[in-house]
Amino acid sequence: MIDGMRVEPVKGPNPADLPVTVGTVRHDKGRGVKPFSEVLKSSIMKVNQLEIDANNLTNRLALGEVDDISEVSIAVEKAELALRLMVQIRDKMVDAYQQISRMGA
């Protein structure tokens, strides 16, 4: 009791119900959670597709096949932003790997 009030413990999620545990891959009781490697692979493929789409639109603009330049500009910005985010993720993963390998040494 605190100041005459009864305090109930905070109940968190049951660890058995959590979708992923470190170091293992298990199904998430039908919720469709993918392993990290699959998420990373699909993200890289999406970034690549954004780059391809932006290049195609840029080429079509140069040939005069696109009337709306804002469409091209948005596609190029999306591709650039996605690539910058992917580079940041890569840098964080390399840093984490280096830190882990220093722990073992």
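Rule-based calculations on the coordinates, nothing more; no lab input. Keep in mind that what you see is a predicted model, and the values were worked out from it rather than measured. Glycine gets a Cβ as well: all are built from the backbone with ideal geometry, and neighbour counts include every protein chain shown.
Report the calculated FRET efficiency for Asn59 and Val33 (r = Cβ-Cβ distance, R0 = 35 Å), to the nearest 0.05. Write out the running numbers ahead of the final one.
Numbers: r = 39 Å, r/R0 = 1.10.
Taking R0 as 35 Å, the efficiency between Asn59 and Val33 is 0.35.
The simple Förster model, with R0 at 35 Å and r as the Cβ-Cβ distance, assigns Ser42 and Gln98 a FRET efficiency of 0.85.
The label-point distance for Ser73 and Ile52, in a model that sets each label 7 Å from Cα toward Cβ, rounds to 2.7 nm. Fully extending the segment from Asp91 to Val66, taken as 0.36 nm per residue of separation minus the present Cα-Cα distance, adds 5.4 nm.
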